[in-house]
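Let me begin by presenting the structure, written as structure tokens, before commenting on it.
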Amino acid sequence: MSEEQIKDLEEQFEARIARDEKIEPKDWMPEKYRKTHIRQMSQHAHSEVVGMLPEGNWITRAPSLRRKVALLAKIQDEAGHGLYLYSACETLGISRDELYDQLHSGKAKYSSIFNYPTITWADMGAIGWLVDGAAIINQVPLCNTSFGPYARAMVRVCKEESFHQRQGYEIMIKLMQGTPEQKEMAQDALNRWWWPSLMMLGPIDAESVHTEQSMKWKLKRKSNDELRQQFIDQTVPQAELIGLTIPDPDLKWNDEKGCYDFGAIDWDEFWQVVKGHGPCNKERMNARVGAWERGEWVRDAAVAYAEKKANKNINKAV
Amino acid sequence: MNKEHLYKYILGIADNSLILGQRLGELCGHGPNLETDIAGTNISLDLFGQSRSYYQYAAKLIGNGATEDSIAMLRNEREYINVLLVEQPNTDFAYTMARQFLFDVYHLLMLQELQKSHDVTLAAIANKSIKEVSYHLRFSSDWVKRLGDGTEESHQKMQDAIDGLWTYTDELFHQTDADKAMVAEGAGVDVKELKDSYYSKVTKVLAEATLETPESKWFQKGGKNGVHTEHLGYLLSDLQYMQRTFPNMEW
């Protein structure tokens, strides 16, 4: 294809996006569009799958059967999200095994928040309320993103995430209605998860390398700082309502701007965790790689069995 | 109907589901691939759901402030009366599937009888659970076959798992005093009657999986009388951790 032809195609492509048309897997797309989508969607899928681990810690120790069942169901939803995000990714011509390789080798990233430890039951509440809350803010705009399979997956993901967020908040409500020990547990969880949740919405706009291109492709509709502000404005009243204190002495309502002012985020901590030196980066990767390696003989057996079955059927047909 | 016997009878069924559900729950996020992970969680969820129905019934029966959680999480180890099979650890995926399969065959046979119980609550729970357990059995049977007739390595691992767990199968057909009393009332299942059918179904799947049915006649028992393997204590310390550490609180 000549350069001119490619330029033509690119122009038509950008025009389709501008008209809010969906791009489907078999449509022509610029290589960069394909790569950017593989990167973002796989990062999202990896986050779902790695995100199962910190919550999985509490399945065996959930305080009641009702909570245990709800937690299991929630983590199962996350596995399901991982599954269809990987499938959506595969429509762009990359296999799930390749995507796993990228995760296991450290080439692909996942959300840094899952590198923090879950050390009390209240962390299950905080994760649902804050982490899923922040995820929703990030993801709702993606229901209208330009790549069809991603947009459709997001519609379902967001519905379930919003249920998880309410479930997490409800855990916090219950703790705040409980004994002094329970209230302390809830406050402690908020103290530990608040700042990482703010960081979860990404680096400040000036340092966000992918924002501009992603905005054009509707892979992003608001900047990181806008999303962060939205998250804070939405979450602070929820905390106050149940008697929790946001661990930020500089947090103050700004009448003029109509939103909260907040204190400085420790970006050194953020980059430390992103670069692989957070409290649980090694544990999370070991768990993922370990499960994959321990499962190899199982997957091999499934393939061998399926081949034997197929051969038998062919022999029968002959 | 003797309330004490009925209560014990319910616990015998409920504890099996609870303990096996707990074992499967340990694996969530650590499966060989996402699909089996989701399926394992599904089975765990079904089993916890069933155990909740039984414990709620048991709590109503004994009253005195008992709840599904106090019964499930606040008994001492000797008061759990699940069979030894379900508390065995997740040694590897072959063990996990073999344990599931050896229990599922029994579980389905038992529920098919329990749905005819004169006790309408038990009959209703059984009726609801049959659909779920039929799926569990299909899933675990498929994996027994896949691993048995897969690669040389998987065949060996599956055979080891079946051989290792075989010693816990006979206990499924033992009867406690409460079991006998419930059978006499027409409320309980006479598990002795299920034994032939159980071994013939198990043998059939093992044969299809190119696996040997173990010939050993040495069996372990004790779970139904609260005498467990060393594994249960550790499982319970996780299961009971929150209820023991923070007594009398709402979650």
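Name the residue that is nearest to B:Gly222 (Cα to Cα), counting only residues in the range B:144-180 that are within 14 Å of chain A (Cβ to nearest Cβ) and charged (D, E, K, R).
First, pick out the residues of the range B:144-180 that are within 14 Å of chain A (Cβ to nearest Cβ): B:144-161.
Then drop every residue that is not charged (D, E, K, R), which leaves B:145-146, B:149, B:152-153, B:157, B:160.
Values: B:Lys145: 30, B:Arg146: 32, B:Asp149: 33, B:Glu152: 35, B:Glu153: 33, B:Lys157: 27, B:Asp160: 23 Å.
The qualifying residue nearest to B:Gly222 (Cα to Cα) is B:Asp160.
Of the conditions (1) surrounded by fewer than 21 Cβ atoms within 10 Å (Cβ to Cβ); (2) within 22 Å of A:His37 (Cα to Cα), A:Leu142 clears all except one; give me its number.
(1)
Residue-by-condition table, conditions (1) open to solvent by 40 Å² or more (accessible area, probe 1.4 Å); (2) of a type outside the set (A, V, I, L, M, F, W, C); (3) closer than 26 Å to A:His37 by Cβ:
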| residue | (1), (2), (3) |
| --- | --- |
| A:Arg156 | yes, yes, yes |
| A:Leu175 | no, no, no |
| A:Trp195 | yes, no, no |
| A:Gly202 | no, yes, yes |
| A:His210 | yes, yes, yes |
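Among the residues of the range A:256-297 satisfying the criterion of being basic (Lys, Arg) and free of Cβ contacts under 8 Å to residues at least 40 places away in the same chain, which is surrounded by the most Cβ atoms within 10 Å (Cβ to Cβ)? Before you say what the answer is, go through the steps one by one.
Our first condition is that a residue be basic (Lys, Arg); within the range A:256-297, this holds for A:257, A:275, A:282, A:284, A:288, A:294.
Still in the running and free of Cβ contacts under 8 Å to residues at least 40 places away in the same chain: A:257, A:275, A:282, A:294.
On the way: A:Lys257: 9, A:Lys275: 10, A:Lys282: 12, A:Arg294: 14.
Filtering the range A:256-297 for residues that are basic (Lys, Arg) and free of Cβ contacts under 8 Å to residues at least 40 places away in the same chain, the one surrounded by the most Cβ atoms within 10 Å (Cβ to Cβ) comes out as A:Arg294.
Is it the case, given these coordinates, that B:Leu45 is open to solvent by 10 Å² or more (accessible area, probe 1.4 Å), outside any helix (DSSP H, G or I) and within 13 Å of chain A (Cβ to nearest Cβ)? Please lay out each step first, then the result.
Details: open to solvent by 10 Å² or more (accessible area, probe 1.4 Å): yes; outside any helix (DSSP H, G or I): no; within 13 Å of chain A (Cβ to nearest Cβ): yes.
In short, no.
Show the residue pairs that are 6+ apart or on different chains and have beta-carbon atoms under 6 Å apart, the first residue being within the range A:232-244 and surrounded by fewer than 18 Cβ atoms within 10 Å (Cβ to Cβ), the second being not in a helix (DSSP H, G or I).
Hits for this filter: A:Asp233/A:Cys259; A:Asp233/A:Tyr260.
Would you be able to say whether some residue in the range B:82-100 is out of contact with any Lys or Arg (no Cβ under 8 Å at 6 or more places or on another chain) and at the interface with chain A (Cβ under 8 Å from one of its Cβ atoms)?
Within the range B:82-100, none of the residues are out of contact with any Lys or Arg (no Cβ under 8 Å at 6 or more places or on another chain) and at the interface with chain A (Cβ under 8 Å from one of its Cβ atoms).
Mind checking whether some residue in the range A:38-47 is without any contact (Cβ under 8 Å) to a residue 40 or more places away in the chain, out of contact with any Lys or Arg (no Cβ under 7 Å at 6 or more places or on another chain) and either in a helix (DSSP H, G or I) or more than 9 Å from every other protein chain (Cβ to nearest Cβ) (or both)? Before you say what the answer is, go through the steps one by one.
Taking the range A:38-47 as the starting set, the residues that turn out to be without any contact (Cβ under 8 Å) to a residue 40 or more places away in the chain are none.
No, the range A:38-47 has no match at all.
In this structure, does A:Leu92 turn out to be more than 26 Å from A:Trp271 (Cα to Cα) and either more than 12 Å from chain B (Cβ to nearest Cβ) or at pLDDT 95 or above (or both)? Write out each step before concluding.
Details: more than 26 Å from A:Trp271 (Cα to Cα): yes; either more than 12 Å from chain B (Cβ to nearest Cβ) or at pLDDT 95 or above (or both): yes.
Against the criterion (more than 26 Å from A:Trp271 (Cα to Cα) and either more than 12 Å from chain B (Cβ to nearest Cβ) or at pLDDT 95 or above (or both)), A:Leu92 qualifies.
Sort through A:Pro54, A:Pro25, A:Pro30 and tell me the only one that's over 18 Å from A:Leu219 (Cβ atoms) and open to solvent by less than 60 Å² (accessible area, probe 1.4 Å). Reasoning before the result, please.
On the way: A:Pro25 fails: over 18 Å from A:Leu219 (Cβ atoms); A:Pro30 fails: over 18 Å from A:Leu219 (Cβ atoms).
Of A:Pro54, A:Pro25, A:Pro30, the one residue that is over 18 Å from A:Leu219 (Cβ atoms) and open to solvent by less than 60 Å² (accessible area, probe 1.4 Å) is A:Pro54.
I need the helices (runs of 4 or more DSSP H) fully contained in the range B:127-221, keeping only those with at least 3 residues that are open to solvent by less than 70 Å² (accessible area, probe 1.4 Å), hydroxyl-bearing (Ser, Thr, Tyr) and modelled with pLDDT of 95 or more. Spell out how you get there, then give the answer.
Values: elements: B:152-166, B:177-185, B:195-208.
Passing ranges, in order: B:195-208.
Of the conditions (1) touching a Ser or Thr at 6+ places or on another chain (Cβ under 8 Å); (2) assigned to a helix (DSSP H, G or I), A:Tyr110 fails just one. Which one is it?
Checking A:Tyr110 against (1) touching a Ser or Thr at 6+ places or on another chain (Cβ under 8 Å); (2) assigned to a helix (DSSP H, G or I), the one that fails is (2).
Residue-wise test of (1) in contact with a strand residue (DSSP E or B) (Cβ under 9 Å, 6 or more places away or on another chain); (2) closer than 26 Å to B:Arg78 by Cα; (3) of a type in the set (A, V, I, L, M).
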position: B:His174; (1), (2), (3): no, yes, no
position: B:Ala187; (1), (2), (3): no, yes, yes
position: B:Leu194; (1), (2), (3): no, no, yes
position: B:Thr210; (1), (2), (3): no, no, no
position: B:Glu215; (1), (2), (3): no, no, no
position: B:His228; (1), (2), (3): no, yes, no
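The values are calculated or read from the model by the stated rules, or taken from the named source; none is laboratory data. Note that the structure is predicted; figures quoted are calculated from it, not measured. Heads up, the Cβs are rebuilt from the backbone with ideal geometry, glycines too, and the neighbour counts pull from every protein chain shown. With ligands, DNA and RNA removed, areas are computed over all heavy atoms of the protein, side chains included. Shrake-Rupley method; radii C 1.70, N 1.55, O 1.52, S 1.80 Å.
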